[in-house]
Structure formats: structure tokens, C-alpha cells
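Novice: Before anything else, here's the structure in question.
The values are calculated or read from the model by the stated rules, or taken from the named source; none is laboratory data. Since this is a predicted model, take the numbers as computed values, not measurements. In this analysis, Cβ positions are derived from the backbone assuming ideal geometry, glycine residues included, and neighbour counts consider all displayed protein chains.
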């Protein structure tokens with residue numbers, strides 16, 4: 001699922017029909033027989049790229065985003081019967097994405113590998129020699145500050 005970061009906002013394909021089609025697909029998933037399988041597959045395919053892009057923007061790692069995307073697809077598959085239609089389907093989906101990304105971020109934070117700065121001093125020297133200029137410096141400062149926030153705090157911003 002290729003895609004680029006979208007700042008935590010799901011960038012749904014605006015050319016595709018909206019809400020009403022999602023509601024119809026959800027209703028079809030509740031039917032018995034082959035049509036329910038076709039409907040859930042259509043629903044998942046319809047949103048899989050946006051799910052991946054949102055996960056990537058939160059987790060900032062392609063492998064972690066791929067894992068979180070798969071988790072979201074599984075949660076939607078297993079929980080679509082729990083969608084009650086009181087909100088837009090995308091709102092319900094967004095909540096699942098948010099929860100899966102928070103879980104993934106917490107898991108990866110517990111298993112983060114630390115590297116020695118002494119062993120990688122050549123990288124620090126290379127970065128220090130680059131003149132980023134005032135706007136790049138500001139961008140770097142904001143980006144560094146955002147990285148220090150938890151995934152849930154970043155999602156608010």
C-alpha cells in the first residue's frame with residue numbers, strides 16, 4: 001500500500017462515492033452468504049490506502065505502518081457488525097486507526113533499540129556540517145519537538 005504521510009488526516013479518495021456507499025456495504029456485510037464476503041472485501045479495499053497513509057503519518061515507519069494497517073483491517077473485519085451507523089463510517093474507521101496506531105506506538109516504544117552516539121559520531125559530524133538556513137532550522141526544531149510528543153499528543157496536533 002504505497003502512500004505518503006498526510007499529517008494524521010485520512011485523505012479519502014474524493015472521487016469515490018462517499019458515506020452512503022459505505023453504509024450500503026456495511027449493510028451487505030450483515031447478509032448471509034457470498035455477498036457479505038464481497039461487501040466486506042469491497043469496504044476494506046475502498047479504504048486500505050487511506051488507512052496505510054494515516055498509519056504512516058502517525059508511526060513514521062513503513063514497516064510499523066504496514067503492521068498497524070493490517071491490524072486496522074482485521075479490526076474492521078471483525079468489528080463491522082458493531083458499527084451502529086450513529087456516526088459516519090469514516091469517523092468510526094478513524095477511531096480504529098487512531099487506537100491501532102497508539103497501540104503500535106506504545107509497543108514499539110517499549111522495544112526501541114538504542115544506539116551509541118560514540119559509534120555513530122561520523123553521522124553527527126556530517127549533519128553538523130550542513131547549513132540548513134533559518135527556515136530549515138525552524139522546521140527541524142518543530143519536527144524534533146513533534147517527535148518528542150507521544151503518538152496520542154501528536155494526533156491532537
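Novice: Go through 57, 69 for me and flag whichever is surrounded by 15 or more Cβ atoms within 10 Å (Cβ to Cβ), within 22 Å of the chain's Cα centre (by Cα) and at pLDDT 95 or above.
Specialist: On the way: 57 fails: at pLDDT 95 or above.
The unique qualifying residue is 69.
Novice: Restricting to the range 72-90, give me the number of residues that are under 16 Å from residue 103 (Cβ atoms) and buried (at least 22 other Cβ atoms within 10 Å of the Cβ).
Specialist: Just the residues of the range 72-90 that are under 16 Å from residue 103 (Cβ atoms), to begin with: 72-76, 78-79.
Next, only the ones that are buried (at least 22 other Cβ atoms within 10 Å of the Cβ) stay: 72, 76.
Number satisfying all stated conditions: 2.
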